[in-house]
Amino acid sequence: MKLSLNKALLITACAFLIASCGPSEPVDNGTTTGSTTSVVEKPRVVPPDFNSDSAYAYVKAQADLGPRVPGSKAHTNCVNWMSDKLKSYGAEVVVQNGIVTTFDQKKWSAKNVIASFNPENKSRVLLCAHFDSRPFCDHDSVPANKSKACPGVNDGASGVGVLMEIARNIKAKNPKVGIDIVMFDLEDYGQPEGSSFPPMNDSWCLGSQYWSKNPHKPGYFANFGILLDMVGGKGATFYKEGNSIFFAASTVEKVWNTAANIGYSNYFIQEPYGEFTDDHLYVNKLTNIPTVDIISYDKEDSGFFKYHHKAGDTMDNIDRSTLKAVGQTVMEVIYNVEK
Ligand code: AHN
Ligand code: ZN
């Protein structure tokens, strides 16, 4: 059955309104178009309430570890913290080890943390974020800060924090689909501008590149994927990012329309903007999973956010309302996937 976009939106809106105030039984919208086709649309499933205090606490727990730079104690502690917590929420957890080489010719054992909920379910959704912190604040204007590790709070910890809160909710109420949460390592060790090392292609997103080439289960597939990156900044705006539109247009529409339906159109802007190299690009190029990036962009500041790759990327800029807008939107999407 093929529906025009307008009609699909209308039906979604009707189902949404009916579900908001009516009984939770299937409703026949009885749409008739010339012939006698009637469309039976299931009411919207009301997802659990995403708790922004809880998400904030998950972000702070990572911030308190210190920068999760590859090779550091904080990095190991973060891997253990995520896998222990995700197991406690009922997921099957795999810590994938992959050897990768960064632009500075160092070798690392990348650790992608993969949590599968209802692993036997064939219908699946991928949710992802990166947990590593950039080893240098190369965008900082203070010379002494440029060589320091980045706090990586909005850039890294925010996405992980939102996904941990979603995991906690999945334990309380299962969506109809299986969910895989992947926390990618070594996203943020990309070659800085002006680096004296030979130019390296694809120097960002090494953990997601490894996972995309070596999925944790042979033939792994998900119906679609959502990447969260820098989703905690105060007053953040999320545009429809170009690579997401190119590879996953219908998922972009689903996410942005869902956000609008539940009142978050001040965060989710209905306009395309930019084309970013981020973990979703490699998932899209190297797997068949159409994946979108919810990534903040600040047009006023012409950057991702004010403290991107700066020493100021701390808890001070994290706003519970932004975490809520993103977390509740993603939950609304995953609890309403059919099959
Ligand atoms: C670049 O900065 C090239 N891409 C954005 C990916 C990124 C970095 N996300 C977080 N940090
Ligand atoms: Zn970064």
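The values are calculated or read from the model by the stated rules, or taken from the named source; none is laboratory data. Being a predicted model, the structure only gives us computed values, none of them experimental. In this analysis, Cβ positions are derived from the backbone assuming ideal geometry, glycine residues included, and neighbour counts consider all displayed protein chains. When the accessible area is computed, the model is the full protein with side chains, heavy atoms only, and any ligands, DNA or RNA have been set aside. Shrake-Rupley method; radii C 1.70, N 1.55, O 1.52, S 1.80 Å.
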For segment 51-200, state the semi-axes of the equivalent ellipsoid (square roots of 5 times the eigenvalues of the alpha-carbon gyration tensor), sorted largest first and rounded to whole angstrom. 30, 17, 12
Angstrom value of the Kirkwood radius, inverse mean 1/r, which spans all Cα pairs in segment 97-139: 13.6 Å
Need the C-alpha centroid separation for segment 288-339 versus segment 163-232, integer Å. 14 Å
Cα→Cβ-extended label distance, 7 Å offset, between Asn80 and Glu338, nm: 4.7 nm
For segment 139-241, give the percent of accessible area contributed by carbon and sulfur heavy atoms, probe 1.4 Å, rounded to a whole number. 54 percent
Just the number please: accessible area per residue for the chain, 1.4 Å probe, all protein chains included, in Å². 44 Å²
Each label point is 7 Å from the Cα along the Cα-to-Cβ direction; what then is the distance between the points at Ser196 and Lys73, in nm? 3.1 nm
Given the Cα-Cα distance of Asp104 and Ser302 and 0.36 nm per residue of separation, how much length would full extension add, in nm? 68.5 nm
Past the 20 Å Cα-Cα mark, which pairs from Lys111/Lys306; Lys122/Lys176; Lys107/Lys217; Lys299/Lys324; Lys60/Lys217; Lys173/Lys324? Lys111/Lys306; Lys107/Lys217; Lys299/Lys324; Lys60/Lys217
Let me have the relative contact order for segment 242-312, percent, based on Cα pairs under 8 Å that are six or more residues apart. 34 percent
Counting only DSSP beta bridges with both partners in the chain, the antiparallel fraction in percent, to the nearest 5, comes to 50 percent
Order these peptides, 312-323, 162-173, by their mean beta-carbon neighbour count within 10 angstrom, highest first. 162-173, 312-323
Any chance you could run the full-extension gain for Val39 through Ser54? It's 0.36 nm times the residue separation minus the Cα-Cα distance, nm to one decimal. 1.5 nm
Based on a Kirkwood Rh over C-alpha pairs, give the Stokes-Einstein translational diffusion coefficient of segment 131-209 at 4 °C and viscosity 1.567 mPa s in µm²/s. 88 µm²/s
Tally the DSSP beta bridges in segment 187-339 and give the antiparallel ones as a percent, rounded to 5. 25 percent
Shape category assigned to segment 237-292 from the gyration tensor of Cα positions, a/c cut at 1.5: prolate
D (µm²/s, integer) via Stokes-Einstein for segment 56-104, Kirkwood Rh across alpha-carbon pairs, 37 °C, 0.692 mPa s: value 268 µm²/s
Evaluate the distance, in nm, between pseudo-label points positioned 7 Å from the Cα of Glu271 and of Thr314 along their respective Cα→Cβ axes. 3.3 nm
Can you pull the accessible area of His308 for me, 1.4 Å probe, Å² to the nearest 10? 20 Å²
Using +1 at the Cβ of each Lys and Arg and -1 at the Cβ of each Asp and Glu in the chain, identify which of Val95, Asn118, Leu228 lies farthest towards the dipole's positive end. Asn118
Using every alpha carbon pair in segment 242-339, what percent of pairs falls into each 5 Å bin from 0 up to the bin containing the largest distance? 2, 11, 20, 22, 22, 15, 6, 1, 0
For the chain, report the % of Cα-Cα distances exceeding 33 Å. 24 percent
With Cα springs under 10 Å, the Gaussian network model of the chain assigns the largest mean-square fluctuation among Val255, Val46, Val160 to Val46
